[in-house]
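This report refers to the structure that appears directly beneath it.
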Amino acid sequence: MIVLGIETSCDECSAAVVRDGREIMSNVIATQIELHKPYQGVVPELASRLHTEWIEQVVGAAVTKAGIGMEDLDAVAFTNRPGLLGSLLVGVNYAKTLAETLGIPFIGIDHIRGHLYASQIENPLEYPYLGVLVSGGHTVICKVLSYDEVDVLGTTIDDAIGEAFDKVAKFYDLGYPGGVVIDRLSKEGDPNAFMFPGPSMDRNEHPYDMSYSGLKTAVINQKDRFLVPGKEDSKANIAASFQRQAVGILMKRLRLALKDTGLKRVSAGGGVAANSLLRSELKELEKEGYQVTFPSLKLCTDNGAMIAGLAYNYLRDGYRDDVTVSASARVNAFKKF
Ligand code: KG4
Ligand code: ZN
């Protein structure tokens, strides 16, 4: 089954062609990063306008690169939740129209589930496994029972991890997008220059929950309090110390969840799964006997391949949407507790 996957939930206009959920025949990602850069953040109106201008070309390029014609497509999948409403609508309407014109099935896919599924395309893990979803809008530790069944163990109670990276980078004028520049700058910094605090939630009744607003506030408003005597107050040191703690907060809960659930497999996904420190800390788990996967860098950030890959499973099992399917800005895919 050849599925076209369309992703327009935020600032990436992407289309991919995936065969049988595993073989990525093409994965075209047209990023709007440069056009949002002057504003140091995604401007929703600009994002949806650019998607409208680009989508036809991006889909055309994905089909051509796959070496097929539109008539070879068996189904169309598209992100329809959650995300920026105007941006989502562009993909949803384009996809539905295309599928109806071709007379093939179509299905709306949850973006967050797509991120969580991305590593399954390249390095499939047997279910169940511990899933770690880290992006600009979500921070979730969960038990993944199947492509569709996810039990949330913990989430952030305030800011998402990626949001913290973005806000710290914006405040210190480090560049855009925040996560990428902090990751790069951290390589030149001392991660122990500042001892930024983690959340004091250890006796919380939800032990796998996380919090990032305290760390963000400490880094932005109170950094001098946390500078280790004798260490230099530099941007690289702020970045490296922040990153160490941001990843540390996640890893602490992740390790606890692995211990408590007894799961031996773990998989990460989402934009922050591109972070080099997080990737190396996850790799460390392999030395302790865990099986660890995360997507290649191209499949960490928003992309159509993860949408087509996940959709294949639903389509194979008989799920389809009808023309009433629409976009939803705020649907939480995962039931909490
Ligand atoms: O998954 P994604 O592309 O979009 C959402 O669904 O949110 O994730 C974007 C987030 C942003 O917050 C960005 O700063 C972060 O992922 N990010 C990173 C890195 N690359 C992207 N954060 C830390 N280190 C990175 N290398
Ligand atoms: Zn995303």
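Please treat every number below as a calculation from the coordinates, not as lab data. As the structure is a prediction and not an experimental result, all values here were calculated from the model. Don't worry about glycine lacking a Cβ; one is built from the backbone with ideal geometry, like all the others, and counts go over all protein chains shown.
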Set K37/K216; K167/K223; K37/K170; K37/K65; K252/K298 screened for pairs whose C-alpha atoms are more than 18 Å apart = K37/K216; K37/K65; K252/K298
Order of T31, T324 from fewest to most other C-beta atoms within 10 Å?
-> T324, T31
Please state the relative contact order of the stretch 37-171 as a whole percent: Cα pairs under 8 Å, 6+ residues apart?
-> 16
In whole Å, how far is the Cα centre of the stretch 64-134 from that of the stretch 284-322?
-> 11
Can you list, largest first and rounded to whole Å, the semi-axes you get for the stretch 112-166 by taking the square root of 5 times each eigenvalue of its Cα gyration tensor?
-> 21, 13, 7
Projected area averaged over all directions for the convex hull of the alpha carbon atoms of the stretch 271-337, nm², comes out at 7.3
P(r) over all Cα-Cα pairs of the stretch 7-57, 10 Å bins from 0 to the longest distance, whole percent per bin, short to long, reads 25, 45, 22, 8, 0
Convex hull volume of the stretch 179-337 per residue (C-alpha atoms, cubic angstrom) | 172
Tell me which lysines have Cα within less than 23 Å of K259's Cα, excluding those fewer than 8 residues away on the same chain?
-> K143, K283, K287, K335, K336
Under the Kirkwood approximation applied to all pairs of distinct alpha-carbon atoms, what is the hydrodynamic radius of the stretch 72-219 in Å?
-> 18.1
Sorting D233, D158 on the 10 Å Cβ count, fewest up front, what's the list?
-> D233, D158
Would you mind computing Rg(Cα) / (2.2 N^0.38 Å) for the stretch 180-229, counting N as its residues?
-> 1.35
Tell me, what is a quarter of the convex hull surface for the C-alpha atoms of the stretch 9-105, in nm² with one decimal?
-> 6.2
Once the dipole of the chain is set up with Lys and Arg at +1 and Asp and Glu at -1 on Cβ about the Cα centre, which of G60, G86, G162 lies farthest towards its positive end?
-> G162
Using Cα pairs closer than 8 Å and at least 6 residues apart in sequence, work out the relative contact order for the chain, in percent.
-> 26
Contour minus end-to-end for Q222 and S328, with contour as 0.36 nm per residue of separation and end-to-end as the Cα-Cα distance?
-> 34.4 nm
When the Kirkwood radius is taken over all Cα pairs of the stretch 136-225, what Stokes-Einstein diffusion coefficient follows at 20 °C and 1.002 mPa s, in µm²/s?
-> 147
Under the Kirkwood approximation applied to all pairs of distinct alpha-carbon atoms, what is the hydrodynamic radius of the chain in Å?
-> 20.4
Globularity index of the stretch 157-204, i.e. its alpha-carbon radius of gyration over 2.2 N^0.38 Å = 1.31
Please work out, to two decimal places, the log10 of the ratio I(q)/I(0) at q = 0.14, 0.24, 0.25, 0.27 Å⁻¹ from a Debye calculation in which every Cα of the stretch 201-272 carries one identical scatterer.
-> -0.58, -1.14, -1.18, -1.28
Once both labels are modelled 7 Å past Cα along the beta-carbon direction, what's the D74-Y127 spacing in nm?
-> 1.9
Ellipticity estimate at 222 nm from DSSP helix runs (n ≥ 4, -39,500 (n - 2.57)) divided over the chain, nearest 500 | -13000 deg cm²/dmol
